[in-house]
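One structure is given here, and the rest of the page talks about it.
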Amino acid sequence: MLTVGGYVRISDIGQIGDGRDGREGVVRQREDVYDLAQLKRVNVHRVYEDNDTSAYKRRVKRKDFEEMVLDLHNGVISGILAYNIDRIARQPRDLEHLIDIYEQARRPMVFGTTAGDFDLTTEDGRFQARIYVTIANKFSADAARRVARQKLAEATEGKPHKGQRAFGWKDVEHVDEREAELLRKARRDVIKGKTIATLHEEWTELGVCSPQTPSGKTIGYTSVKYVLRNPRLCGYRAYIPQEVRERSGRVDPTEYLVERTDGTPVIGQWETIFTPAEWRELIDVLDARKNTGKGRKTGTTVTKRLLTGIARCAKCGTGLQSAMYQKGRLPATRSTGTTTCAGRRAAGAESCPAAAPRSTTTSRRSFSAASRSGLALCSPLKRKTPR
């Protein structure tokens with residue numbers, strides 16, 4: 001008797017209050033998988049479940065799907081059962097990955113659904129599977145386009161974004177006073193000169209979590225920066241297209257404000273935490289701190305890394321390159337990095353014996369320590385003045 005894996009998936013578990021409990025779809029699919037296994041006289045090793053997970057969106061990781069593919073490749077299971085082929089794949093590349101495994105397998109394999117079987121070891125079976133997945137992909141693309149148009153229309157009308165609440169609000173409309181007070185204090189502190197890094201440390205010590213923070217963790221640095229730049233704080237409506245999110249991940253919401261025909265921002269239908277003037281002042285301060293150069297601040301030739309352009313390797317005389325600390329390589333704190341020989345790295349060696357820790361502060365002690373470590377300090381070469 002063959003041992004197979006069942007796969008169940010649903011893209012949308014619904015919203016609170018719509019009559020769905022979030023698992024009805026996958027529970028029904030699970031029952032269909034076991035009925036199909038009994039009909040085919042195979043043993044179900046495990047039912048792999050990706051609930052509330054899209055098979056169409058490119059940036060979405062399907063944890064159980066990847067585990068199922070790995071088990072199929074390693075011979076733990078010898079086939080897949082599902083309610084329909086679009087539960088397994090809506091992107092052709094996912095199907096092609098499975099086809100490669102089925103083609104190379106030297107054992108009996110099953111690929112069955114309640115709508116019919118697909119023999120992925122034959123040309124006809126692969127052809128049929130590809131057609132079905134291509135059609136499913138087209139349906140998903142059409143649905144995504146309609147949903148995007150609907151969301152843009154809602155944004156133009158100032159309706160709040162549906163889904164997970166934003167930091168600072170209890171729901172899509174009402175302010176959470178505890179989080180709102182944190183944001184108000186953060187705005188005052190940042191305007192007075194406090195950095196986002198310091199603010200993040202304070203929030204971490206307080207145990208602050210955002211709605212997107214994983215369980216058991218505190219809010220991340222990028223999340224702190226994001227919530228402070230959120231136009232929602234002052235009532236401005238932003239709309240970030242789904243294709244932009246999938247391509248770039250989290251982007252700056254200030255660049256995606258929805259505007260009326262006269263160029264004024266659309267005002268949302270929810271309670272605000274800042275006034276537009278307060279939010280604009282905060283954004284101006286944050287924008288003024290941005291670094292645009294590689295390792296240099298705007299308008300200066302001073303690099304942020306110690307000894308850059310000055311130190312030379314005492315072994316070969318090649319210039320040294322600075323790099324951030326990598327876990328497991330050298331004992332270091334978050335304020336240190338490493339300095340390595342560029343010549344040795346170009347030659348293929350892992351590092352130069354003259355490599356030494358790099359401090360974030362410049363002092364006589366730093367230079368003397370560098371000399372003892374095998375670093376040769378030299379001044380930049382002076383250009384000859386043409387006669």
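Some observations on this one:
- Within segment 252-288, being exposed (fewer than 12 other Cβ atoms within 10 Å of the Cβ) and either touching a Cys at 6+ places or on another chain (Cβ under 9 Å) or charged (D, E, K, R) (or both) holds for Glu255, Arg260, Asp262, Ala277, Asp284, Asp287.
- Among (1) modelled with pLDDT of 90 or more; (2) β-branched (Val, Ile, Thr); (3) out of contact with any strand residue (DSSP E or B) (no Cβ under 7 Å at 6 or more places or on another chain) - the single one Thr213 does not satisfy: (1)
- Tallying residues that are out of contact with any helix residue (DSSP H, G or I) (no Cβ under 6 Å at 6 or more places or on another chain), modelled with pLDDT under 95 and hydroxyl-bearing (Ser, Thr, Tyr) within segment 34-72 yields 2.
- Among the conditions (1) at pLDDT 95 or above; (2) in contact with an Asp or Glu (Cβ under 9 Å, 6 or more places away or on another chain), Leu183 misses just one, which is (2).
- Ala141 being in contact (Cβ under 8 Å) with a residue 24 or more places away in the chain, under 30 Å from Arg237 (Cβ atoms) and not charged (D, E, K, R): yes
- Cβ separations smaller than 9 Å between residues 6+ apart or across chains give the following pairs from segment 157-178 residues that are touching a residue at least 24 places away in the same chain (Cβ under 8 Å) and closer than 13 Å to Arg232 by Cβ to residues that are of a type in the set (Val, Ile, Thr) and open to solvent by 80 Å² or more (accessible area, probe 1.4 Å): Gly158/Ile267.
- Scanning segment 219-251 for residues that are crowded, with 16+ Cβ neighbours inside 10 Å, out of contact with any helix residue (DSSP H, G or I) (no Cβ under 6 Å at 6 or more places or on another chain) and either modelled with pLDDT under 90 or basic (Lys, Arg) (or both) turns up just one, Arg232.
The values are calculated or read from the model by the stated rules, or taken from the named source; none is laboratory data. Computed from a predicted model, the values in this text were never measured in an experiment. Positions of Cβ are generated from backbone atoms using ideal geometry, with glycine treated the same way; all protein chains shown enter the neighbour counts. For accessibility, only protein heavy atoms count, side chains too; no ligands or nucleic acids. Shrake-Rupley method; radii C 1.70, N 1.55, O 1.52, S 1.80 Å.
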